[in-house]
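Written out below as structure tokens is the structure these notes cover.
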Amino acid sequence: MQLRALMYFDEVVRTNSMRAAAENLNVAATAVSRQIENLEHYFGTPLVERSSRGIRLTAAGELLAARAGKTLRELEHVHQLIDDLQGLQRGRVVIYANGAAVANLLAPVLAQFSLKYPNLRFEVAITTARQAIEALSSAEADLVVTLFAPKLTGVKVRLRSEVAYDLITSARHAAAGLTEISLKDVAALPLALPDKSFGARQAFEEQFAKVGVELDPVFVTGSLEMLKELVLREAAVTLLPRLTITREIEMGLLSAIPISGGRAVKTAIELCVAPDRQLSFAAAKLVDFIEAFMRGAEPRKAGQKPKKSV
């Protein structure tokens, strides 16, 4: 079985069309059809059924499709590892992150890292935590950074760093000069929060309920940029990790006030890799870089080591 046949089959599966696959591969449609026939001869069974509506995978085709994509990605990964052995120090890193808050944490890290390694290329996908973990397991992602991730097997947690949610206000807000604020006082302010499908919102509800307060936000949105814009315009305040608004704090636009009494919502940001797959040069360097950033970002006492799970 030739690798080209598998590549052509994978493209047919992805596009659900012989013609579209041929256009993407820049070959004739007959070349794609011939390679599919070669695969069918190799496996001794039909893989696709052709009709005027396009193609439909047979049961055998479905079985091959489920594994062909991962096999090709693994081969591309091996190619990158061989490049590393030759000292080329180039390649592409695919990162999956869940949630805009995590993306906001990643952006400055990636910007700084890309300046250090200008020959590397990066692809960042923002998904749910579960989708990110599944992408890692299927070799679609080199690494994932998750917040409120489900506990799933098949991943290796390189580092787990705890972050707290502060009250975020405009720098001109009356509360901006406070050193800390209680949850009851926070609840009395006009709040902008994510909807209840978000893990962060669920954690807020639980924490506020412990002090006998029911949340009644003025604004509900899943957009981090919308939350920040509402706060900047002094229409509301919100709850976010301080690190997500570092730039706005430095510019004197926003303020972060810690929650008093140890009542702040805290969550773990996890940096995960596949346990059975060697990282390429590019991915390994980026993982080390993110790990160093997360260690520096984690609030801890002097001399205390960050929580690490391997």
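The values are calculated or read from the model by the stated rules, or taken from the named source; none is laboratory data. If you're wondering where the values come from, they're calculated on a predicted model, not measured in any experiment. Note: ideal-geometry Cβ built from the backbone for every residue, glycine included; neighbour counts use all protein chains shown. Note: areas computed on protein heavy atoms with side chains; ligands, DNA, RNA excluded. Shrake-Rupley method; radii C 1.70, N 1.55, O 1.52, S 1.80 Å.
The Rg/Rh ratio for the range 18-77, using Cα coordinates for both the radius of gyration and the Kirkwood hydrodynamic radius, is 0.98. With N the number of residues in the chain, Rg(Cα) / (2.2 N^0.38 Å) evaluates to 1.24.
Considering only Leu25, Leu47, Leu232, the Gaussian network model of the chain with Cα springs below 10 Å gives its largest mean-square fluctuation to Leu25. May I ask for log10 I(q)/I(0) of the range 161-265 at q = 0.18, 0.20, 0.24 Å⁻¹, from a Debye sum over the Cα atoms as equal point scatterers with solvent left out? Relative scattering, expressed as log10 I(q)/I(0), comes to -0.80, -1.02, -1.54. Think of the range 1-63 as having a plus end and a minus end, set by charges on the Cβ of Lys, Arg, Asp and Glu; of Gln2, Gly61, Ala31, Ala31 sits farthest toward the positive end of this dipole.
Remark: the range 1-80 carries a charge dipole of roughly 140 debye about the Cα centre, counting +1 on each Lys and Arg Cβ and -1 on each Asp and Glu Cβ.
Rounded to the nearest 20 debye, the dipole magnitude of the range 161-265 is 60 debye, with +1 charges on Lys and Arg beta carbons, -1 on Asp and Glu beta carbons, and the Cα centre as origin. Projecting the Cα atoms of Thr15, Phe43, Thr71 onto the charge dipole of the range 1-80, computed from C-beta unit charges around the Cα centre, puts Thr15 farthest toward the positive end.
Using the 1.4 Å probe convention, the accessible area of the chain works out to 54 Å² per residue with neighbouring protein chains retained. Take every Cα pair under 8 Å whose residues are at least 6 apart in sequence, average their separation, divide by the length of the chain, and the relative contact order is 21 percent.
The C-alpha atoms of the chain define a longest principal axis, and helix 199-210 lies at about 30 degrees to it.
Averaging the sequence gap over all C-alpha pairs within less than 8 Å and six or more residues apart, then dividing by the number of residues, gives the range 161-265 a relative contact order of 50 percent. Only protein atoms count toward the accessible area here, which uses a 1.4 Å probe; on the chain, the carbon and sulfur part of that area reaches 51 percent.
Within the listed set Val109, Val48, Val287, the residue fluctuating most in the Gaussian network model of the chain (springs between alpha-carbon atoms under 10 angstrom) is Val48. Residues considered: Leu106, Leu63, Leu167. Largest GNM mean-square fluctuation over the chain, using C-alpha springs under 10 Å, is found at Leu63. Put the Cα centre of the range 161-183 next to the Cα centre of the range 195-209 and the gap is 18 Å.
Rounded to the nearest 20, the Cβ-based charge dipole of the chain about its Cα centre (Lys and Arg +1, Asp and Glu -1) stands at 520 debye.
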